[in-house]
Structures are given as C-alpha cells and as structure tokens.
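Peer 1: One structure, pasted below without further comment.
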Amino acid sequence: MPTTTINGKEVHIDAEGFMTEPSEWDEGIANVLAGNIGIELTEAHWRLLKFLREDFAQQGETATTRRVQTVGGVPTKEQFALFPKKPAKKMAYIAGLPKPKGCV
C-alpha cells in the first residue's frame with residue numbers, strides 16, 4: 001500500500017489519496033487535508049468529523065450522507081453547505097477514513 005507524508009507524518013493511502021489506516025490520523029492531518037480541498041474547518045465541521053470517526057469505529061465502514069443525517073442528526077443540506085458538492089467523500093477524506101461505499 002502506498003504511503004505519503006502529511007503534516008510531517010507518514011501515512012498509508014489508497015490510489016485516490018484516502019487514508020487506509022484511520023489510527024494514523026490526527027487533527028493536524030485533518031487541517032492539512034481540508035486545506036488541500038479548500039475547506040477551513042470550523043466547530044461544525046469538527047462535529048461531523050468526530051461523528052464520522054466514532055461511527056466508523058463502531059460500524060467498520062464510513063457513513064454515507066444518509067447515515068450522517070439519520071444517525072448523526074445533521075441534515076443533508078447542512079452537510080452540503082459545510083462540504084460542497086460531494087459531502088460524504090470530502091468528510092471521509094478529511095476524517096482519514098476510507099471512501100464511503102457508493103461514492104464515485
């Protein structure tokens with residue numbers, strides 16, 4: 001599996017740049033990844049990222065926008081406002097999780 005250096009730390013990634021070892025992630029890496037896609041993280045972003053990581057730890061797969069809405073309580077419209085165009089994909093990328101199933 002390929003590796004790259006993010007925020008001074010070597011991490012494992014897939015061909016699309018998604019981290020493959022969630023345990024290698026930290027908040028510094030999240031800030032760098034967010035900056036890579038033009039997002040400045042706010043408290044609202046962190047709330048979603050925290051939910052995604054906790055949900056992944058329990059479920060073993062990355063939550064979709066529908067799951068974030070129904071289980072996390074964050075409306076899809078808000079997800080799109082925070083992470084424009086492809087919120088599930090962008091949330092997973094910044095949270096250091098695999099791309100959600102069904103994302104193109």
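Peer 1: Go through ARG53, ARG66 for me and flag whichever is farther than 18 Å from TRP25 by Cα and basic (Lys, Arg).
Peer 2: Residue meeting the stated conditions: ARG66.
Peer 1: Filter the range 1-53 for residues that are of a type in the set (D, E, K, R) and more than 19 Å from PRO100 (Cα to Cα) and give the result. Steps first, please.
Peer 2: Here is the first cut: in the range 1-53, the ones of a type in the set (D, E, K, R) are 9-10, 14, 16, 21, 24, 26-27, 40, 43, 47, 50, 53.
Matches in the range 1-53: LYS9, GLU10, ASP26, GLU27, GLU40, GLU43.
Peer 1: A follow-up question, please. Got a sec? Which of ASP55, ASP14 is modelled with pLDDT under 95 and of a type outside the set (Phe, Trp, Tyr)?
Peer 2: Values: ASP55 fails: modelled with pLDDT under 95.
Of ASP55, ASP14, the one residue that is modelled with pLDDT under 95 and of a type outside the set (Phe, Trp, Tyr) is ASP14.
Peer 1: Give the residue that is farthest from ARG66 (Cα to Cα), with candidates limited to residues of the range 34-54 that are acidic (Asp, Glu) and in a helix (DSSP H, G or I).
Peer 2: Within the range 34-54, the subset acidic (Asp, Glu) is 40, 43, 54.
With the extra rule that they be in a helix (DSSP H, G or I), the set shrinks to 43, 54.
Values: GLU43: 21, GLU54: 16 Å.
Filtering the range 34-54 for residues that are acidic (Asp, Glu) and in a helix (DSSP H, G or I), the one farthest from ARG66 (Cα to Cα) comes out as GLU43.
Peer 1: Here's another thing I want to ask about it. Right, THR76: surrounded by fewer than 17 Cβ atoms within 10 Å (Cβ to Cβ), over 14 Å from LEU41 (Cα atoms) and either modelled with pLDDT of 95 or more or not aliphatic (A, V, I, L, M) (or both) or not?
Peer 2: Judged against the criteria, THR76 is a match.
Peer 1: Pull up the range 79-98, narrow it to residues that are over 16 Å from ALA30 (Cα atoms) and surrounded by 15 or more Cβ atoms within 10 Å (Cβ to Cβ), then point me to the one that is modelled with the lowest pLDDT. Steps first, answer last, please.
Peer 2: Of all residues in the range 79-98, those over 16 Å from ALA30 (Cα atoms) come to 79-81, 84-86.
After this cut, where a residue has to be surrounded by 15 or more Cβ atoms within 10 Å (Cβ to Cβ) as well, the list is 79, 86.
Details: GLN79: 96, LYS86: 91.
Applying the filter and picking the extreme gives LYS86.
The values are calculated or read from the model by the stated rules, or taken from the named source; none is laboratory data. This is a predicted model, so every value here is computed, not measured. A quick note on method: Cβ atoms are made from the backbone with ideal geometry, for glycine too, and the neighbour counts reach across all protein chains shown.
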